[in-house]
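Asker: Sharing a structure here in structure tokens format.
Nothing in this text is a laboratory measurement; each read-out follows from the coordinates by a stated rule. It should be emphasised that the depicted structure is a prediction, and the values quoted were computed from it without experimental measurement. Note: ideal-geometry Cβ built from the backbone for every residue, glycine included; neighbour counts use all protein chains shown.
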Amino acid sequence: MAEIKAELNYLRIAPRKARLVANMIRGKAAGQAKALLGFALKGAARPMKKLLESAMANAKNDFNIENPDGLIISKLTVDEGPKLKRWRARARGRAMQIQKKTSHITLVLAEKKSNES
């Protein structure tokens, strides 16, 4: 089966913070992960839930899977995107750089492997 993929690029949340949410749902079933993200208090939980719902919709529409809740999150990566560089005034006429970090999130769903031994 082909991999069911959804991507979220240029999310204005630092990758370090987004990885906290990603680690929470990695390897879980899609329905269970959706429920966990609904109750998570982290800021990255809402965009990650939308990304998961997008991947589930891709499974339903593109791959004709009737129950996408049974799929598992096989791969979830949070990579660093480009940084927005801003400047802030400091003492004695100096300026310090502020880096506003962005994230690229890739989510891949797969069907559960049945143990046929």
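Asker: With +1 on each Lys and Arg Cβ and -1 on each Asp and Glu Cβ, and nothing else charged, work out how big the dipole of the chain is about its Cα centre, in Debye to the nearest 20.
Answerer: The calculated dipole for the chain is roughly 1460 debye.
Asker: Could you list the GluC sites (Glu not before Pro) in the range 1-64 that lie in coil according to DSSP, counting only those with at most 16 other Cβ atoms within 10 Å of their Cβ?
Answerer: Glu3
Asker: Among (i) 17.3, 52; (ii) 14.8, 54; (iii) 17.8, 73, which one is Rg and Dmax of the Cα atoms in Å computed from these coordinates?
Answerer: (iii)
Asker: As a quick test, which of the pairs Lys42/Lys101; Lys34/Lys83; Lys50/Lys113 have an alpha carbon distance above 27 angstrom in this structure?
Answerer: Exceeds cut-off: Lys34/Lys83.
Asker: Another question about this same structure. Which trypsin sites (Lys or Arg not before Pro) does the range 1-58 hold that lie in a coil by DSSP with at most 13 other beta carbons within 10 Å?
Answerer: Here the trypsin sites (Lys or Arg not before Pro) that fit, given the DSSP loop and packing criteria, are Arg12.
Asker: Let me have the relative contact order for the range 4-110, percent, based on Cα pairs under 8 Å that are six or more residues apart.
Answerer: 42 percent
Asker: What angle do you read, to the nearest 10 degrees and between 0 and 90, between the alpha-carbon axis of helix 30-39 and the longest principal axis of the chain?
Answerer: With rounding to tens, the tilt is 40 degrees.
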